[in-house]
Structure formats: structure tokens, C-alpha cells
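Colleague: Got a structure for you, questions after.
Derivation of every value follows stated rules applied to the coordinates shown; laboratory data play no part. None of these values were measured; they are calculated from a predicted model. Cβ placement follows ideal geometry from the backbone for every residue including glycine, while neighbour counts extend to all protein chains displayed.
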Amino acid sequence: MSLFIAAALIFSVFVSLQAGYTVYLMIYTWDQPEAYDAAAAPETFEPPKLSFIVLLPARHEEDVIQSTIAHVANAHYPSDLLKIIVICECGDLGTIARAQEKINELSRAGINNASVVTFNDTPINKPHGLNVGFRQASGDVVTIFDAEDEIHPDIFNIVNTVMLREKVRVVQCGVQLMDYDSSWYSTLNVLEYYFWFKSRLHFHASAGMVPLGGNTVFFRREIMEQIGGWDEHNLTEDADIGIRLSSIGEKIRVVYDDRYVTKEETPPTLGHFVKQRTRWSQGFLQTLAKGEWQKLRTLYQKYLAVYTLAFPMLQAALALYVPISIWMMFTVRTSVVVAMLLLLPSYFLIAHYVISVVGLYEFAQAHRLNPPRTTPIRMAGAYLPYQWVLAYAALRAMVRQIRGVTNWEKTKHIGAHRIDRPT
């Protein structure tokens, strides 16, 4: 038993260090005002100069694609400097028809900057669609939005200004889930995005190792041509391309301003949520195995890349440790000091929860929302089950990766973020 306790003690200390590091990443921009200021959007805009290629990959998105096209087409930016390309697999007749219907409607209103591009080859996934669309248009900057995205109308002015003033070629802007009250897990999912885009990505940018987000990311066309586009066999093509850019020393400017985020929704069912997180976890494992991170220039960047990409394995291990820890609380007798060390991870879990509650009210205030007073209580009840769901998805990703299963499990979108919230 003493050997078992020693092993548990070592693992507990390791988990505590990891949990403490996670808490630090959550509060990075709050803890360092200069980082918070560096993340800000410009308060004034340069005159429009850069032209944008907007790629909208869509698959079975009949319910949301029209609104997304309209939001992009009606942005506060000259329409002759925007080219919208909706990308569909040729058999997706429903999405193609709905997209073309909206494009025809815009054309009748004098907006003629959108088109549908189809493909009939494999793989049928997002990165392949992006490569197809990228080859179809010319322009200064290429950007990606997902089919359900609700963009801010000034997003192109922001990126035009940042790229011109700061001479950067890659800009990642904020993405925020909005439907915090649509399911038992949605609040925690919303807050994950909140802390990732508002804090953690800025830490990665300062370190020079940025696993980019899947949309609202902007690339100068020449840098995309230089690195050869997206990896069509990677389930997190965004993280992969971010690490490839970081490995050649490309500066990535992360912009987060609550006013200008791209709004999205949480997955509508637990099954879709598990599939989404499985895909992300497996994509991270794919990127880890691919080894592009080894080209990063410093040892610290490499460590950060391995830590980030291998996190699904740690997540799975943590989930397995929780029931063991609970069992030990009731069955194992040991000294007070050892017992306190074994409980150390729980202190960080509490800190993580408290910070999440504070983040909830900051998020709500920024977006003029009014969450019920019971929301923190619901968060507390959902906290551990949510972690177990994430761990299950990580385990599922590991099994899929070992078995060589790499098909793209699509997440359904219903437009829940476009439903008015109580204010």
C-alpha cells in the first residue's frame, strides 16, 4: 500500500502543478495589464485598402448559412474589397440551394461579391474545402468563417487597420460562444471559449507558439502560399497551421475585444459535443505525432507545444484519477501532511471554478446579459460531469487515433446564438 500511496502522491503533485499552470493561463491577461493592452482592438480605423477573400466552408448547413452570408456581405467594408466564397461538397444540394438563394437575393440588391464553389473529390472535410476555395480567388487577405458565424460588421476594418499599422501578416480575432443557458454544459463551454480567446491565446502569442482558432483568423495571401495551405488530413487544421507558422517565426497578432467577437453556439446535444471534442483532441494528437513542433526555435516553445498538443492524454488520465482519489479518501489511512498533498489538486479545482464564476459575470456584463442567480449553482453541479465528458472525448480520440479512424465527425448547428437573450 505504501508504494501505491507514493505513486498517488507523485501523481497528485504533478496534477497540482498542471492545474496551477491552467489557472495561470486563465488569468494571464488580467494578471499582466500590458498583455491586456496588447490584445486590444484599435480605437480608430485606417481607410479600407486590403481586399479580403472570405472562405465559408459549409456542409449540411441549410439552417444557418443564409444568415452568415448576409452578415458578411453587409459588413462595414467596401463590397468591392470583399469576395465571399461558400464552399460545399457537390452532393450537399440543400446547402448549395440555400446559399445560392441568398446570393441571388443579394445580387438583386446590388451586392455581387458572393459565389458558391463545389468540389467532388475527397476528403470531404473543412481543410480540403478551404484549399479548394483558396485556389478560386485572388485578394490580399484570406479569412475563414464557419457556416453559423455571426460576425461583427467592423471586423474587416479592424484587421485592415492592424495589418497596415503593425505590419503583421496573421491576425487571430476573438470567437465567443453565446448560448450560455441552452443546456447543462453550455455555460462551462461558453467560458472555455471566453478564457481561451481572451487570455490563453495571448499567452501563446507572447511565447511565439500559437495553435490558431478555426475561424476569424486572417492570413496575408503570400504567407498561405508560402506554407502550402491547410493539411487536408488533420482534424484540427487550425492548430496545425498555427504551429507551422510559429515554426517559421511568423508573428501572430491576437486581437480580443468583447465588442468585436464572432458569435457562435455550443453544440446542440451532448452527442454532438462529444464528437466535436473528440475531433479536437484527435487533431491535437495528430499534430503532435506529425512533429512540426520540433521545428520551433526555442526549447520553451517546444515544451509549450507538447504540453498543449498532448493535453488530451493528460485529460484522460485526470478523469481516471478522480474516482481513485475519492476511493482513497474513504479507505486509505495516512499522515495529515500526505493527506493534504493528496488533496492539493482539489484546491486548484476550486480555484478554477471560482475564476469561472467571475468570468461568467464579466462575460455577461460585456454582452449585456443577465444570467439567473442560480447559474453558479448549476455550474457547480455540472463541473465534474463536464470534466468527465471532456475526458471521455479524449479517451475516445486516443482510441480512434490508435485504430487509424480519421473521418470528420460533423457538429450540427441550429443558430442558438442568434436567439435573443434576456438583458
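Colleague: Counting only helical runs of four or more DSSP H residues, what would the 222 nm mean residue ellipticity of the chain come to if each run contributes -39,500 (n - 2.57) and the total is spread over all its residues?
Modeller: Result for the chain: -17000 deg cm²/dmol, rounded to the nearest 500.
Colleague: Rounding to the nearest 20 debye, state how big the charge dipole of the chain is about its Cα centre with +1 on each Lys and Arg Cβ and -1 on each Asp and Glu Cβ.
Modeller: It comes to approximately 1000 debye.
Colleague: How many angstrom separate the Cα center of region 58-77 from the Cα center of region 235-254?
Modeller: 26
Colleague: Length gain on complete extension for the stretch Ala38 to Asn407, per 0.36 nm per residue less the alpha carbon to alpha carbon distance?
Modeller: 129.0 nm
Colleague: Counting Lys and Arg as +1 and Asp and Glu as -1, each charge on the Cβ, what is the dipole of region 1-134 about the Cα centre in debye, to the nearest 20?
Modeller: 240
Colleague: Could you check what % of the DSSP bridge pairs in region 84-241 are antiparallel, to the nearest 5?
Modeller: So the antiparallel bridges in region 84-241 amount to around 55 percent.
Colleague: Using the Cα centre as the reference, give the magnitude of the dipole from point charges on the C-beta atoms of region 170-316 (Lys, Arg: +1; Asp, Glu: -1; all else neutral), rounded to the nearest 20 debye.
Modeller: Roughly 460 debye, rounded to the nearest 20.
Colleague: Hey, how many Å between the Cα centroid of region 273-288 and the Cα centroid of region 341-417?
Modeller: 15
Colleague: Which translational diffusion coefficient, to the nearest whole µm²/s, is obtained for the chain from the Stokes-Einstein equation, given a Kirkwood hydrodynamic radius over C-alpha pairs, 37 °C and 0.692 mPa s?
Modeller: 145
Colleague: Quick check on the chain: of the DSSP beta bridges with both residues there, what percent are antiparallel, nearest 5%?
Modeller: Percentage antiparallel, nearest 5: 25.
Colleague: Over the alpha-carbon set of region 80-143, divide Rg by the Kirkwood Rh and report the Rg/Rh ratio to two decimals.
Modeller: Expressed as Rg/Rh, it is 0.98.
Colleague: Taking Cα atoms, how many degrees apart are the long axis of helix 270-290 and the longest axis of the chain, rounded to 10 and kept between 0 and 90?
Modeller: 90
Colleague: Return a whole-number percent for the relative contact order of region 79-209, with Cα pairs under 8 Å and 6 or more residues apart as the contact set.
Modeller: That works out to 17 percent.
Colleague: Under the rule a/c < 1.5 gives rounded, and otherwise a/b versus b/c splits prolate from oblate, where does region 1-134 land using the Cα gyration tensor?
Modeller: It is oblate, given that a/c is not under 1.5 and a/b is not larger than b/c.
Colleague: Say the dipole of the chain comes from +1 at the beta carbon of Lys and Arg and -1 at that of Asp and Glu; which of Ala8, His413, Pro371 then lies farthest toward its positive end?
Modeller: Ala8
Colleague: A further question follows. What is the helix-to-structure angle for 375-403, meaning the angle in degrees between its Cα long axis and the longest Cα principal axis of the chain, kept from 0 to 90 and rounded to the nearest 10?
Modeller: Here the helix axis deviates by roughly 80 degrees.
Colleague: Kindly put Val405, Val86, Val338, Val116 in sequence by how many other C-beta atoms sit within 10 Å of each C-beta, fewest to most.
Modeller: If I rank by nearby Cβ atoms, fewest first, I get Val405, Val338, Val116, Val86.
Colleague: A further question on this structure: Under 10 Å, Cα contacts only: if you run a Gaussian network model on the chain, which one of Thr143, Thr122, Thr374 comes out with the highest mean-square fluctuation?
Modeller: Fluctuation is largest for Thr374.
Colleague: Here's another thing I want to ask about it. For Leu164 paired with Asp121, estimate the spin-label separation in nm (one decimal), with each label point 7 Å from Cα along the Cα-to-Cβ line.
Modeller: 3.8
Colleague: Considering only Cα-Cα distances, which of the following residue pairs are longer than 24 Å: Lys83/Lys167; Lys275/Lys302; Lys251/Lys290; Lys102/Lys275; Lys198/Lys263?
Modeller: Long pairs (Cα-Cα over 24 Å): Lys275/Lys302; Lys102/Lys275.
Colleague: By how many nm would the segment from Gln365 to Phe14 lengthen if fully extended, with 0.36 nm per residue of separation less the alpha-carbon distance?
Modeller: 122.8 nm
Colleague: Determine the distance separating the Cα centre of region 193-226 from the Cα centre of region 102-118; give it in Å without decimals.
Modeller: 30
Colleague: Using the number of other C-beta atoms within 10 angstrom as an exposure proxy, rank Val162, Val141, Val306 with the fewest first.
Modeller: Taking fewest neighbouring Cβ atoms as first place, the list is Val306, Val162, Val141.
Colleague: Evaluate the relative contact order of the chain (contact order divided by residue number), counting alpha-carbon pairs under 8 angstrom at least 6 apart; express in whole percent.
Modeller: The normalised contact order for the chain reaches 21 percent.
Colleague: Which residue, Gln387, Gln226, Gln172, tops the fluctuation ranking in a GNM of the chain built on C-alpha contacts under 10 Å?
Modeller: Of the options given, Gln226 has the highest mean-square fluctuation.
Colleague: OK, next. Give the angle, between 0 and 90 degrees and rounded to the nearest 10, that separates the Cα long axis of helix 186-195 from the longest principal axis of the Cα atoms of the chain.
Modeller: So the inclination is approximately 80 degrees.
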